[in-house]
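The values are calculated or read from the model by the stated rules, or taken from the named source; none is laboratory data. Treat the numbers as computed from the prediction; the structure is a model and nothing was measured. Here the Cβ positions follow ideal geometry from the backbone for every residue, glycine too, while neighbour counts run over all protein chains shown. We work out accessible area using only protein heavy atoms, side chains counted, and drop any ligands, DNA or RNA first. Shrake-Rupley method; radii C 1.70, N 1.55, O 1.52, S 1.80 Å.
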Amino acid sequence: MSAPQERRSWLAGLIGHGVGPSLTPELHEREAARQGLRYVYKVVDLPDGTVEPTRLEQLLDGARDLGFDGLNITHPVKQAMVPLVDECAPAVAAIGALNTVLIQDGRTTGHNTDVTGFERAFADDLPDADRDTVVLLGAGGAGTAVAHALADLGVRRLLVVDLDGERAGALARTLADRSVAVDLVAATRDDLVTALARSSGLVNASPMGMAAHPGSPVPADLLHPGLWVADIVYRPLDTALLTVARQRGCTVLSGAGMAVHQAADAFELITGRPADRGAMHRDFDELVAAEAATRMGEPARDTTGERNR
Ligand code: NAD
């Protein structure tokens, strides 16, 4: 019997809106180059506004026909893609959102590496963190992925805060079958005071702290020493929340780990090869530093709508 034929090349891509500044293509291509793979990562930038399911179906069919091996999927189509794939990993079915589509032998499978990415980042940097009660700010797509990661990590009670109560309620419903207990908390100072006083951890999965949404989502005096604080925003890496949390004696986790591990997990799914996560982390730091240096030398630009990917 002859040996299986060695793969010649890989083709991957990213579909979403406003994906131009994404670091994920560069992270994938650098890792592939390190491994001596021929790997091309294309970016498909969707127009703003609602994207029709028929358009997404066309893109998925096109990717399959053109021989793509995998796609990353991001805002605003993480949810809309779920019914279009042939199969879903269990986390995708529970959350109702995917960020990676694998294409193998003409079949598409949805995965969510935001969940696994946060889990790995947490395991790296906060392995002994108290997981009894955790406040989660932001119940959007990323917040929902983080909530399921926290459930996987053994958090017993999650206090979910969102300016939009409907979104917090929808997140809670996705956790109905999980062992974590969920309380919805209003985004008022009084409610945050009570919630943080009884918590061992805080995760920011809201856009607060990004250039377009400056400031901390939590007043400094509510952060008590002993609280661990994770922020998934990574533009900038040192958000106002993390800066003040450090000053108040909290252990902190930045958004870098989740960004690197979600990319590494997708790379491994697509290629079937282990990623060098340490090297990807160094690439990420270099790319973020280069981006920050470029911005310092540039006139301020409108970053409204720019998101971390
Ligand atoms: P989204 O717009 O879907 O959801 C954000 C949610 O936060 C909304 O429901 C909004 O009502 C809520 N919110 C806004 N301000 C709030 C506040 N002060 N308190 C409580 N809730 C508030 O966005 P998303 O896709 O979930 O992404 C959220 C952020 O996560 C992004 O801005 C991005 O910075 C970050 N992110 C990081 C990674 C990573 O790999 N590190 C991955 C994905 C997203």
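Observations on the structure shown:
- Portion, in percent, of the accessible area of the range 182-251 that falls on carbon or sulfur, probe 1.4 Å: 57
- For the chain, the relative contact order comes to 16 percent (Cα pairs under 8 Å, sequence separation of at least 6).
- Val85 contributes about 20 Å² of solvent-accessible surface, heavy atoms of the protein only, 1.4 Å probe.
- Counted over all Cα-Cα pairs of the range 103-159, pairs farther apart than 15 Å make up 53 percent.
- Separation of the range 44-63 from the range 185-201 is 40 Å, based on Cα centroids.
- Residue of Gly70, Gly36, Gly138 that the Gaussian network model of the chain assigns the largest fluctuation, springs spanning Cα pairs under 10 Å: Gly36
- Alpha-carbon geometry of the chain: the Rg and the Dmax are 19.5, 71 Å, given in that order.
- Neighbour net charge for Asp190 - beta-carbon separation under 14 angstrom, K R +1, D E -1: 0
- Full-extension gain in nm, Thr194 to Thr243, via 0.36 nm per residue minus C-alpha separation: 15.4 nm
- Accessible area of the chain divided out per residue, in Å², using a probe of 1.4 angstrom: 46
- Calculated SAXS-style log₁₀ I(q)/I(0) at q = 0.14, 0.18, 0.19 Å⁻¹ - the range 115-257, Debye, Cα scatterers: -0.55, -0.98, -1.11
- J(HN,Hα) series, the range 20-27, from Karplus relation 6.51 cos²θ - 1.76 cosθ + 1.60, nearest Hz, glycine and proline x: x, x, 4, 8, 4, x, 5, 5
- Tilt relative to the chain, helix 141-152 - C-alpha long axis, 0 to 90 degrees, to 10: 80
- Rounded to whole Hz, the Karplus (6.51, -1.76, 1.60) HN-Hα couplings of the range 255-263, x for glycine and proline: x, 4, x, 5, 5, 5, 5, 5, 5
- Percent antiparallel among DSSP beta bridges (both partners in the chain, rounded to 5): 20
- Integer Hz, Karplus 6.51/-1.76/1.60 couplings in order for the range 110-120, x for Gly and Pro: x, 10, 10, 8, 5, 5, 5, x, 5, 4, 5
- Gaussian network model of the chain, springs between alpha carbon atoms under 10 Å - residue of Gly62, Gly255, Gly143 with greatest fluctuation: Gly62
- Take His111: with every protein chain present and a 1.4 Å probe, its accessible area is about 40 Å².
- Top of Ala279, Ala211, Ala292 by mean-square fluctuation, Gaussian network on the chain, Cα under 10 Å: Ala292
- Net +/- balance of residues flanking Asp132 in space, Cβ distance below 14 Å, scoring K and R +1, D and E -1: +1
- Area of Asp65 that stays accessible when all protein chains are in place (1.4 Å probe, Å², to 10): 130
- FRET efficiency, Val40 to Ala292 (Cβ-Cβ, R0 22 Å, nearest 0.05): 0.20
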